[in-house]
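Notes follow once the structure below has been shown.
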Amino acid sequence: MGNMLRKLPFAKALTNASAKPNPFKHLERKISINNEDYVFYDISSLGKGFEELPYSIRVLLESAVRNCDNFQVTEKDVQSILSWKESKGEAAKQTDVEVAFKPARVILQDFTGVPAVVDFAAMRDAVLRLKGDPNKINPICPSDLVIDHSVQVDFARTPDALNKNQNLEFERNKERFTFLKWGAKAFDNMLIVPPGSGIVHQVNLEYLARVVFEDAMNGSKMLYPDSVVGTDSHTTMINGLGVLGWGVGGIEAEAVMLGQAIAMLLPEVIGYKLVGKLSSLATSTDLVLTITKHLRQIGVVGKFVEFFGPGVEELSIADRATISNMCPEYGATVGFFPVDRNSLGYLKQTNRSDDKINVIAKYLEATKQLRDYNNSAQDPHFTKIVSLDLSTVVTSVSGPKRPHDRVAVSEMQLDFRSCLTNKIGFKGFELNPDSLSACGDFTWSDGKTYSLKHGSVVIAAITSCTNTSNPSVMLGAGLLAQKAVKENLKVSPFIKTSLSPGSGVVTYYLKESGVIPALETLGFDVVGYGCMTCIGNSGPLEENLVNVIEKNGLVCAGVLSGNRNFEGRIHPNTRANYLASPLLVIAYAIAGTVDIDFEKDPLGTRADGSKVFLRDIWPTRQEIHAVEQKYVIPAMFQEVYGKIEVGSPAWQDLQAPTGKLYPWDEKSTYIKLPPFFETMTRDLPSNRPIVGARVLLFLGDSVTTDHISPAGSIARNSPAARYLAERGLTPREFNSYGSRRGNDAVMARGTFANIRLVNKLVQTTGPKTLHIPSGTEMDVFDCAEQYGKEMTPLILLVGKDYGSGSSRDWAAKGPYLLGIRAVIAESYERIHRSNLVGMGIIPLQYLEGENADSLGLTGQEIFNIAIPDDCKPGQIITVETNCGKKFKVLVRFDTEVDLTYYRHGGILNYMIRKMLD
């Protein structure tokens, strides 16, 4: 966003008359590259301490120096970042230091992009209402706002699956796409990546990433590092290329698009040293699952992880991107790989021009931001160093309910069997020992009878998340499929198999290398591009199959090459879900069960009676590398991305409205004017205490945004389904929650609608709660609506790691619309806490060692909470209850900016008032 304020016509309202010229102008240098003249800020000349800074911190430093105006970004910010070692180094006391950061750009996926554009359109309406002068409403100009699209997989194992899915996508989502096409015209500096092009993370890596920006500024071209924030937590994937980026809430991203700097705490940086080499049979997926478990055990939440050491040289950029993509699963803000010569080689491979690559190299060399992993003299100072020998990595999966519960494949059978009888939890289903032999038969459309038992695989998906950016594992899966077909191995027809590449390039090199026919023979047809099985969009399982699972209480399995397998996320009928490499996805699909020991149990039998084991068809890294070198070439990227903005004929034929204000359709069930600004006043509202609050939900630990935010299909018996049915829609037309994120009425009704929600106020698992005054058990939305009619404010009582998982703005918007004013938790996920603040919800935290149980809270109390007018970041306040209990909590307003947003009633309200100044 380097020159964002100059590009924003109304952003002058967001500056300050007291803003001063950049005090670091003396660091500006000139450089000539490719016969072109450039300027840049030479942060390496800042003096003592610079070369000890982690490379990730150097990116923060450059942004602060370049954007310093002593208003949004101050000289103090620059000095704080430069003095990182003193506050965050190994010997430091780890004091909290707040700094400002302006990313270079913002990226959104469709599901988060639609509500962002809806909010912008609603902000225009609010400005018009409060200001009353439509002539002064200028275009809101996002900075490199990129939106991609996701589809629901309702077809699999058919050659025409891709066309069917894309046709279905346009049939269901035409209104949403039309709205986005309007937004591309109505807002400046906004790029839409049309449906069917790929998933946002991979398009970002292969096409959008600049690594170094070139911005026209005062007659010169300014060079500075690429950096990005995105509304999907897996924006972190781009760190594998040396671009600093992480996920933020949609609310925070919208503020960045409006020219606001991010207020953040200067992070600790964990140095993760890699040595050695991977074995010939290990994959990048095995490596990332190993790292994920390791870092989760160490504890890196809210920290940067920066990789270094000679082992990094052994990893391709795709390998590094896979590790970075799993960053939210090990809890860090970023998993950063500084740019090196391999990074520049990847830019060449993906069709970036030689001139551009030369500019990147020269700039990074001049500012000491180009890394040589074999040169230990370049190793910076870290808060803490941990290490991993790559040779110790073994073939692994992760599950059955969390991405950081890694299991070596050699131990998988024993682990799964123990999970069946373990106590209910992340590693247990607590089955009665007498039911372990349960099984059931059903007849498939081919007329044959099949059996299901515990561990039977019913979904096997090579998904667009994480792994499909990596040619090594995708081609490895293709080579394994070829060998499996040659051995006449098959996948049972009832297993729902699918292959959803991350971009068209993947399909290209799979076809060119000749592995597509074998993949299709095993049922892994290309079904589309976007978030699919990993987010619950696998489509329904066949009814006979579901009946057998439910009647016999079977713990059946889904195996996917994604990054999240939280309970209830993948499919209601797959209670056990395992993350695995694309190769293992196919292997388990052939086996038909996760209850197998691949070393002892064969996958099939040859005609001569000999057994075929997994080791017989598993390709080595050397085999895979040879194919990758031959078929993954720049011409493919040129062919795919040369026309990416054009889109399909269906996209081209879409007719979008014109004009700066959107013509809202009151009958629409997709795009609805949100109520966030209906009661907003021009003046700052008074600080009102929370009096007489009831607990809407009393939840435990690890409540993820999958439990909070609407996602996946809309259940037919849900409040959202009733809302849609009342408007004449049939269940076939309900679509998914993701597709309806532009309609607040649907999203509010889907908040806390997860079937696996465990609420201590009721006896059963699911989206139910107790209306305490009446003692009536109700759907969560219906209960909140009843409390609203009674003018009763609401709070939540929750445990540790509240809001972990995907960063979703609706995980904060939904609770806000339900009437929730505060959350009391043991701890929060970083992005979700920020989102709560952004919606004006107060995040409170129990004091160390205390929680609801230790305080004797039942969730049936009445609560009074008052935030002092002069509240400071991190202040301790007292919560009072009607039963006489009082306890202290930490107010998780971590910065002065948090407090400012809260006082305005949220970040978007704050932005509107700034525009009206």
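At q = 0.19 Å⁻¹, work out log10 I(q)/I(0) for the range 333-380 with the Debye formula, treating every Cα as an identical point scatterer and leaving solvent out; two decimals please. For the range 333-380, the Cα-only Debye profile gives -0.66. Cα convex hull, the range 647-695: 227 Å³ per residue, rounded to a whole number. Protein heavy-atom surface of the range 826-909, 1.4 angstrom probe: 47% of the accessible area is carbon and sulfur, with nucleic acids and ligands not counted. For the range 662-803, the dipole from Cβ point charges (+1 on Lys and Arg, -1 on Asp and Glu) about the Cα centre works out to 160 debye, to the nearest 20.
The ellipsoid that matches the Cα gyration tensor of the range 824-877 has semi-axes, each √(5λ) in whole angstrom, of 20, 15, 12, with the longest given first.
The distance from the alpha carbon centre of the range 340-391 to that of the range 740-806 is 47 Å, rounded to a whole number.
Principal axis analysis of the Cα atoms in the range 741-839 yields extents of 36, 28, 23 Å, listed in decreasing size. For the range 243-392, a simple Cβ point-charge model (Lys and Arg +1, Asp and Glu -1, everything else neutral) yields a dipole of about 80 debye relative to the Cα centre.
In the range 295-365, one over the average inverse separation of all distinct C-alpha pairs is 13.4 Å, which is the Kirkwood hydrodynamic radius. The value obtained for the range 673-734, namely the Cα convex hull volume divided by the number of residues, is 192 Å³ per residue. For the listed peptides 351-359, 702-710, a ranking on the average number of other beta carbons within 10 Å per residue, highest first, reads 702-710, 351-359. Give the shape of the range 677-832 as rounded, prolate or oblate, defined through the alpha-carbon gyration tensor: a ≥ b ≥ c are the square roots of its eigenvalues, a/c under 1.5 means rounded, and otherwise the shape is prolate if a/b is larger than b/c and oblate if not. It comes out rounded by the Cα gyration axes.
Rounded to the nearest 20 debye, the dipole magnitude of the range 517-645 is 220 debye, with +1 charges on Lys and Arg beta carbons, -1 on Asp and Glu beta carbons, and the Cα centre as origin.
The C-alpha atoms of the chain occupy a region whose extents along the principal axes are 85, 75, 59 Å, arranged from largest to smallest.
Here the peptides 725-737, 35-47, 512-524 are ranked by packing, the mean other Cβ count within 10 Å, and the order with the highest first is 512-524, 35-47, 725-737.
In the assembled protein chains, Phe637 presents an accessible area of approximately 10 Å² (probe radius 1.4 Å).
Its convex hull of Cα atoms gives the range 776-917 a direction-averaged projected area, equal to a quarter of the hull surface, of 9.6 nm². Compute log10 of I(q)/I(0) for the range 411-544 with the Debye formula, placing one identical point scatterer on every Cα and leaving out solvent, at q = 0.13, 0.20 Å⁻¹, to two decimals. Values returned for q = 0.13, 0.20 Å⁻¹ are -0.72, -1.21. Give the shape of the range 590-654 as rounded, prolate or oblate, defined through the alpha-carbon gyration tensor: a ≥ b ≥ c are the square roots of its eigenvalues, a/c under 1.5 means rounded, and otherwise the shape is prolate if a/b is larger than b/c and oblate if not. Note, shape of the range 590-654 comes out prolate.
Each DSSP beta bridge with both residues in the chain is either parallel or antiparallel, and the antiparallel ones are about 45%.
Computed over neighbours whose Cβ is under 13 Å from that of Pro23, the net charge equals 0, Lys and Arg +1, Asp and Glu -1. Note on Val394 and Leu890: with the Förster distance fixed at 51 Å, the Cβ-Cβ geometry gives a FRET efficiency of about 0.75.
When the convex hull of its Cα atoms is viewed from all sides, the range 766-822 shows a mean projected area of 4.4 nm².
Note on the range 701-730 and the range 205-252: Cα centroid distance 34 Å, given to the nearest whole angstrom.
Judged by the ratio a/c of the largest to the smallest principal axis of the C-alpha gyration tensor, the range 22-119 counts as oblate, that ratio being 1.5 or greater while a/b is no larger than b/c. Residues in the range 350-392 average 45 Å² of solvent-accessible surface per residue, probe 1.4 Å, ligands and nucleic acids excluded. Judged by the mean number of other Cβ atoms found within 10 Å, the most tightly packed of the peptides 688-699, 606-617 leads the ranking 688-699, 606-617. Counting only protein heavy atoms and a 1.4 Å probe, the range 743-881 has 34 square angstrom of accessible area per residue. For Asp379 and Glu171, a Förster radius of 60 Å and the Cβ-Cβ distance give a FRET efficiency of 0.65, rounded to the nearest 0.05. Per residue of the chain, the DSSP helices (runs of n ≥ 4 H) give a summed -39500 (n - 2.57) that works out to -9500 deg cm²/dmol at 222 nm.
Given their separation in residues at 0.36 nm each and the Cα-Cα distance between them, Leu130 and Thr658 gain 187.7 nm when the chain is fully extended.
Measuring nothing but alpha carbons in the range 561-681 and taking Rh as the Kirkwood radius, the Rg to Rh ratio lands at 1.19. Entry comment: accessible area of the range 484-611 is 31 Å² per residue, from protein heavy atoms only and a probe of 1.4 Å.
Panel values: the range 68-108, Kirkwood radius from alpha carbon pairs, Stokes-Einstein at 10 °C and 1.306 mPa s, translational diffusion coefficient 137 µm²/s.
Shown here is the pair-distance distribution of the range 493-639: with all Cα-Cα distances grouped in 10 Å bins from zero up to the longest one, the shares run 10, 34, 35, 18, 4, 0 percent.
The values are calculated or read from the model by the stated rules, or taken from the named source; none is laboratory data. A quick note: this is a predicted structure, and the numbers were derived from the prediction, not measured. Every residue, glycine as well, gets a Cβ built from its backbone with ideal geometry; the counts of neighbours run over all protein chains shown. Quick note on the areas: whole protein, heavy atoms, side chains included, nothing else; ligands and nucleic acids left out. Shrake-Rupley method; radii C 1.70, N 1.55, O 1.52, S 1.80 Å.
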